[in-house]
Structure formats: structure tokens, C-alpha cells
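Structure, as C-alpha cells:
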Amino acid sequence: MNKKIFGKKLSRGRSAREALFASLIRSLVLVGKIVTTKTKAKAINGQLGKYIHLAKKGSLGSRRKILAELKNDKKTVSSLFGKKFKSTKIINLPPRKGDNAQMVRIELNEDVPTKTKRS
């Protein structure tokens, strides 16, 4: 009976893993796209989806929750709440030369309102 299965360990302790995820999410929100390994991208994808959903709510409680989980980085949180993100896109890249690790580019898709044609 498997219990308390949370995701990927990535050969790190809990605090180092949380710091890695927070760092990856921070740089992704600020820059818009990052290149990382496939396992790291898959590990932060679900967490980032939760943050995007909370940012769409726009409440003070959701802002404080994201601030707490991203280690009080106000610039990242204001950027996350300032833009309307829709989802993430993971694009496969060639493997890394040093250790043949599968690399991907993860991007944030912005929600662009479509113009409707009036008749």
C-alpha cells in the first residue's frame, strides 16, 4: 500500500527541493520561458497550474498564499497577478551533451482576448 506519494524527489532533501521549485517558478514567471530537464519541468507544472488558478481569483488570500510559497518574492507575485496566464507549454529539445538528460523548454501562455467579428 503506497501512501504519501507526492511526486519527484530529484535526489534532494525536502528544503532543497522546495527551494529548487520556487527558483524555477520564479524565473519562469519573470522571463516567460526556461530550459530545464524534463523531470524538473513535469515536477513544477502542477504547482505552477495551481498558482495560475489562484492568480485568476485575484483575492488577497490567494496573493498571500503564493507569497508564502515563493519565499516572499513580491516582484514575481505582482508579475503573476499582473498578467493573465492561461497555461504552460512543454516543448522537447535535444538531449544535453554532458549526461544525455532529456531537456525541455517550458513556456507560459498568456491569455490573449480574441476579437469577435460583428455582423
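The values are calculated or read from the model by the stated rules, or taken from the named source; none is laboratory data. Bear in mind the structure is a predicted one, so any value in this text is a computation, not a measurement. Please note: Cβ atoms are built from the backbone with ideal geometry, for glycine as well, and neighbour counts cover all protein chains shown.
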*Of the conditions (1) modelled with pLDDT of 90 or more; (2) loosely packed, with under 12 Cβ neighbours inside 10 Å, K40 clears all except one; give me its number.*
(2)
*Residues in segment 67-95 that are touching a residue at least 12 places away in the same chain (Cβ under 8 Å) and under 21 Å from A16 (Cβ atoms): how many?*
5
*Identify, by number, the condition in (1) more than 19 Å from G7 (Cα to Cα); (2) surrounded by 12 or more Cβ atoms within 10 Å (Cβ to Cβ) that V31 doesn't meet.*
(2)
*asked:* Could you check segment 10-22 and list, in sequence order, the residues that are part of a helix (DSSP H, G or I) and either of a type in the set (F, W, Y) or within 25 Å of P94 (Cβ to Cβ) (or both)?
replied: L20, F21
*Inside segment 68-119, can you point out the residues that are of a type outside the set (D, E), out of contact with any strand residue (DSSP E or B) (no Cβ under 8 Å at 6 or more places or on another chain) and under 20 Å from T36 (Cα atoms)?*
L70, T76, K97, G98, N100
*Considering only residues that are more than 12 Å from the chain's Cα centre (by Cα) and within 26 Å of K89 (Cβ to Cβ), look in segment 49-65 and name the one that is surrounded by the fewest Cβ atoms within 10 Å (Cβ to Cβ).*
G58
*Might you check whether a residue that is within 17 Å of L30 (Cβ to Cβ) and hydrophobic (A, V, I, L, M, F, W, C) occurs anywhere in segment 94-102?*
no
*What is the number of the single condition among (1) outside any strand (DSSP E or B); (2) surrounded by 15 or more Cβ atoms within 10 Å (Cβ to Cβ) that K115 does not meet?*
(2)
